[in-house]
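See structure below.
The values are calculated or read from the model by the stated rules, or taken from the named source; none is laboratory data. From a predicted model like this one, the values you see are computed outputs, not experimental measurements. Quick reminder, even Gly has a Cβ in these numbers, built from the backbone with ideal geometry, and neighbours come from all protein chains shown.
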Amino acid sequence: MSVLSNKLSTIDKVIYVTLVLLALLGMAITNFSPADAHFYWLSMTFVFALGAIVTGWQRARDRQTKTKLVATQLLHWGSTFIAVMVVYAFLHSGQVQNETVALMILLILSLSTFLDGIHVGWQFYALGILLAISTVIISYLDEYIWIIAIIALAFITLTFVWNKYIGHSKS
């Protein structure tokens, strides 16, 4: 069982680091082309949902729990997708500027990711916090990518330290 839990922990770490790196890529895209960034963040809704399902699936013990997890995740991320589509409706009706759309989607994604930590583990809490901090930094600073990269590196480092010293068995 110990080997299995170590393997699952490694998969969780890979998913977490991958999602952090994809978030950094999105912030770089947001920095260079805000008009294109909102499409990136829309696609990240699906990627984050997949990451959450895989992470939760590994932790589920039986078929009933896995079925409930998938249903919960589809509802959770489906509602996130609907919220993102509402932002697009605001864009098309002229209520918000093109540059603002990426930030709004990033904020929705940060909240959804944070709240999904309830179901799939504390790494999603941390990722949601990172996305929220990044949203605020992006809205106030012109040159933000290096600051966010340093913060993301700190989050990844803290995750590995947490797993090593506190234990990866806690969610």
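State which residue is surrounded by the fewest Cβ atoms within 10 Å (Cβ to Cβ) when the search covers only region 30-39 and only residues that are closer than 18 Å to Val84 by Cα and in contact (Cβ under 8 Å) with a residue 24 or more places away in the chain. Outline the logic, then answer.
Let us first name the residues in region 30-39 that are closer than 18 Å to Val84 by Cα, namely 30, 34-39.
Going one step further and asking which of them are in contact (Cβ under 8 Å) with a residue 24 or more places away in the chain, we end up with 30, 34-35, 37-38.
On the way: Thr30: 26, Pro34: 17, Ala35: 12, Ala37: 24, His38: 26.
Step by step, filter region 30-39, then rank; the result is Ala35.
For Gly117, all conditions in the list (1) farther than 20 Å from Thr159 by Cβ; (2) touching a helix residue (DSSP H, G or I) at 6+ places or on another chain (Cβ under 6 Å); (3) not aliphatic (A, V, I, L, M) hold save one; what is the number of the exception?
All conditions pass for Gly117, except number (1).
Residue by residue, here is whether (1) in contact with a Lys or Arg (Cβ under 6 Å, 6 or more places away or on another chain); (2) closer than 18 Å to Ala83 by Cβ; (3) among the β-branched types (Val, Ile, Thr); (4) at pLDDT 90 or above holds:
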{"residue": "Leu8", "(1), (2), (3), (4)": "no, no, no, no"}
{"residue": "Val14", "(1), (2), (3), (4)": "no, no, yes, no"}
{"residue": "Val20", "(1), (2), (3), (4)": "no, no, yes, no"}
{"residue": "Leu24", "(1), (2), (3), (4)": "no, no, no, no"}
{"residue": "Trp41", "(1), (2), (3), (4)": "no, yes, no, no"}
{"residue": "Phe46", "(1), (2), (3), (4)": "no, yes, no, yes"}
{"residue": "Ala52", "(1), (2), (3), (4)": "no, yes, no, yes"}
{"residue": "Thr72", "(1), (2), (3), (4)": "no, yes, yes, yes"}
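Hey, which of the helices (runs of 4 or more DSSP H) in region 83-171, taking only ones fully inside, have at least 2 residues that are at pLDDT 80 or above and small (Gly, Ala, Ser)?
On the way: elements: 98-120, 122-140, 145-161.
The qualifying helices (runs of 4 or more DSSP H) are 98-120, 122-140.
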